Structure formats: C-alpha cells, structure tokens
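Notes to accompany the following structure.
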Amino acid sequence: MKKFRILGIIAVAVVIVFSMAGCGDDGGGGGGGGGGDNGTLTVRNIPSGTTEIWVSVGNANGVGAVAYVRYDGGISPRVRWPSPPIPLYDYISDDPFSRTGSFWVGITIIPSYDTRNVVASFTNGSATVDWNTMVPWSSLPQ
C-alpha cells in the first residue's frame, strides 16, 4: 500500500510539472524590468535529514497551478534542501510570482516522501509556511 501512496505522490508531481511545461514559451526575451524581489516561499521546520523538497503552489481549492519553481534551468517542483527562501514564478506570465491572496501549497520532503498541504496567505507573491502546522496528505479525504 505504501508503494501506491508514493506512486500517487509522484504522479501528482509529474502532472503538475507537465501541465506547467505544456504552456510553452511564447518566444522572445522580454525586457529587463526594475528591481524588486521575486515572490518567495519560506519553509520553516523541515525535518532534519531532508535533502530535497518538492513544492507545488495552486489555487486555494487545490485545482490548477499558479506558481512554479525553477530547478537546474527548467520547470520542476524540486528544490535542494536546505534552501534560502524559494523563488516562485507565475505559471502564466513566467514573471516573478507577485499575487496576493490565499493559495494552496503542497510540499513533499525527500527521502521520506512525507507530503503535507496548507492554504497559505501570500502578500506580493511571498509567504511563509511551517512544516509542523501543515496537514499531512494521508489525513486528507481520499
């Protein structure tokens, strides 16, 4: 049963990644832009021994990606851990995430594949979440 749970988590991550990658790049380099910080996600109290986390940010109802993480030059939910605040990018515009409101955040830690979720309050694209107060995936209705 645990194998199916892990496969399910991986499948969700793969769907999110491919849905983001399917958007494509409309070409063009775009201009420079002013200063300012990227929208960021700060994650506190990740368990020791974690080497990587997978991050998903979606609408508050959990349907549809709104932001993504860049990893080794591509779109991926992966982030090496420990990490400073994680830069987020808007799923539609590819600009630094700058929305304000409530958004769903899902995090899987590696190597344990423990997954937790929370609806976080973002201000100008940034939020802080605490692993200890996030809801374990296994306790959500299946």
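Proximity of backbone amide H atoms, modeled 1.01 Å from N, is registered between residue 91 and 67, 68 at under 5 Å, excluding neighbours fewer than 5 places apart on the same chain. Once backbone amide H atoms are built at 1.01 Å from N, residue 40 has 88, 126, 127 as its partners under 5 Å, excluding neighbours fewer than 5 places away on the same chain. Couplings for the range 48-56, taken from phi via the Karplus curve 6.51 cos²θ - 1.76 cosθ + 1.60 with θ = phi - 60°, read 5, x, 6, 10, 7, 10, 10, 10, 10 Hz in order; Gly and Pro are left as x.
Taking θ as phi - 60° and the Karplus parameters 6.51, -1.76 and 1.60, the scalar couplings of the range 121-135 work out to 8, 9, 10, 6, x, 10, 8, 10, 10, 10, 3, 5, 9, 7, 7 Hz in sequence order, x denoting glycine and proline.
FYI, it's all coordinate maths here, none of it is from the lab. Note that the structure is predicted; figures quoted are calculated from it, not measured.
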